[in-house]
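Okay, so here's the structure we're looking at.
Please treat every number below as a calculation from the coordinates, not as lab data. Keep in mind that this is a model prediction, so the values were computed, not measured. FYI the Cβ positions are ideal-geometry reconstructions off the backbone, even for glycines, and counts take in every protein chain you see.
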Amino acid sequence: MLNISLCMIVRNEENNLSKCLDSVQNLVNEIIIVDTGSVDMTKNIAFQYTPKVYDYTWDNDFSKARNFSIEYAKNDIILILDADEVVEEYDINELEEFFCTYTQEIGRLIIINEFKTFNRFMEEKVRLGRVFSKKHYQYYGMIHEQLISKSGTENIYHDISITLRHNGYNGDLKARKLKAERNISLLLSQLKETPENPYLYYQIGKSYYMTEEFHDTVRYLEKALEFNLNTKLDYVIDLVETYGYALINTEQYEVALHMLNIYDEFDHSADFLFLIALILMNNEYYEEAIQEFIKATKKNSSKVIGVNGELAYYNIGVIYECLGDKLKAQEYYNKCSNIK
């Protein structure tokens, strides 16, 4: 067990909280729970794990609530989790080295997001900064809050060996819409204050994408793309990929072909190559699509699990079957043992 304070803000999470807290019992030595107005059994469950449960009057500002929770931490090192996340893996020795060596860095852990797209349940791996020193960092932003350095210097990141699983995107559509409506309202409010912030347009578009409102997704992501963006940033990469999938979902296949203009900037990514292959496939450029799917399989890693393997092979099989080549189709379907 490490000298880490887990700091959480929760509301009406009686169905998730125990699983989350059970998963960190041997990782942290302090748990701080800030409740923002639960009317279910959330607080009762929280008290079973820690006496440090505090009330916070919700004021539509996630950063203020996060910073409020951090104030109660006795340890300098903070771990941030949401109630619908569970710690699956961690390496104590690597984490001890990180805390000793990288004292001013933000630890980027792996989050496996479960979600549904194209009527299939899928998973993606992303890295987010969730472990940090409260001496050096605090939160900023009403929603989709981000860490900023207290000294005003640029954030420094280091990848760490903690893996979480997040199930917040795989609920029914009605539940996702309610959550998205709240988020979009807060994001639009923040956008009025900082209208030149492409990250806010991205988050609004992403919220619409998660509720399958793809025309609104396209509208807001196109506004984000009007800015001069740093294509090395994780959110910009995700923005581009989400935009491409939204174009496919709105059947704007020819418009999606324009993404070939940025091919050289993103062709290092299996996820981008897979997206380009889907775009080509929907425009009936079948041979070219197969080539891009094959390129995706040559990449060692991917964000969405399977796009550099079985999902690519499956789509190649679909193309060959549609073209009437059943032997070739079967050859590629045989590579997809985990796809029913």
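Directionally averaged projected area (the chain, Cα convex hull): 18.2 nm². One chain, two ends: Asp325 and Arg219. Fully extended at 0.36 nm per residue, the span grows by 34.2 nm beyond their Cα-Cα distance.
Arranged from fewest to most other beta-carbon atoms within 10 Å of their beta carbon, Glu89, Glu105 become Glu89, Glu105.
In this structure, the pairs whose alpha-carbon distance is over 24 Å, taken from Lys64/Lys150; Lys232/Lys299; Lys303/Lys326; Lys223/Lys298; Lys19/Lys134; Lys295/Lys326, are Lys303/Lys326; Lys223/Lys298; Lys19/Lys134.
Counting only DSSP beta bridges with both residues in the chain, the antiparallel share comes to about 55 percent. Solvent-free Debye calculation, one equal scatterer per alpha-carbon of region 251-295: log10 I(q)/I(0) at 0.23, 0.25 Å⁻¹ equals -0.72, -0.84. By the count of other C-beta atoms within 10 Å, a proxy for reagent exposure, Cys100, Cys322, Cys7 are ordered fewest to most as Cys100, Cys322, Cys7. With the cut-off at under 19 Å, measuring from each backbone N in region 315-337 to a point 7 Å along the Cα-to-Cβ line of Lys298 picks out 315-317. Taking the Cα atoms of region 4-166, the ratio Rg/Rh between the radius of gyration and the Kirkwood radius comes to 0.95. For Tyr54, the shell of other residues with beta-carbons less than 11 Å away shows a net charge of -1, using +1 for Lys and Arg and -1 for Asp and Glu. Per-residue ellipticity at 222 nm computed for the chain from its helices equals -13000 deg cm²/dmol, with DSSP H segments shorter than 4 residues left out and the rest contributing -39,500 (n - 2.57).
Residues Met41, Met8, ranked from the fewest to the most other C-beta atoms within 10 Å, line up as Met41, Met8. Given R0 = 22 Å, the distance between the Cβ atoms of Asn44 and Tyr72 translates into a calculated FRET efficiency of 0.70.
Candidate cross-link partners of Lys174 among the lysines, defined by an alpha-carbon separation under 20 Å and a same-chain spacing of 8 or more, comprise Lys116, Lys206. With the charge dipole of region 173-333 set up from +1 on Lys and Arg Cβ and -1 on Asp and Glu Cβ about the Cα centre, the Cα lying farthest toward the positive end among the listed residues Tyr220, Tyr208, Thr242 is that of Tyr208. Annotation: amide H of Glu30 within the under-5 Å range of Ile4, Leu6, sequence separation 5 or more or interchain, hydrogens built in the peptide plane.
First select every other residue whose beta carbon is under 13 angstrom from the beta carbon of Val126; then total the charges, Lys and Arg +1, Asp and Glu -1. Every neighbour counted, the sum reads -2. Each residue of region 195-210 was assigned a 3J(HN,Hα) from its phi angle through the Karplus curve 6.51 cos²θ - 1.76 cosθ + 1.60 (θ = phi - 60°); the sequence is x, 9, 10, x, 4, 5, 4, 4, 5, 5, x, 5, 4, 5, 5, 5 Hz, with glycine and proline shown as x. Take the alpha-carbon centre of region 213-259, take the same for region 81-154, and report the distance between them in whole Å. Here the answer is 25 Å between Cα centres. Based on the Cβ-Cβ distance of Tyr286 and Ile339, what FRET efficiency does E = 1/(1 + (r/R0)^6) give at R0 = 22 Å, to the nearest 0.05? So the FRET efficiency works out to roughly 0.65. The orientation-averaged shadow of the Cα convex hull for region 173-333, equal to a quarter of the hull surface, comes to 10.1 nm². Using a cut-off of 10 Å between beta-carbons, work out the net charge of the residues near Val34 (Lys and Arg +1, Asp and Glu -1, Val34 not included). Neighbour charge sum, excluding Val34 itself: 0.
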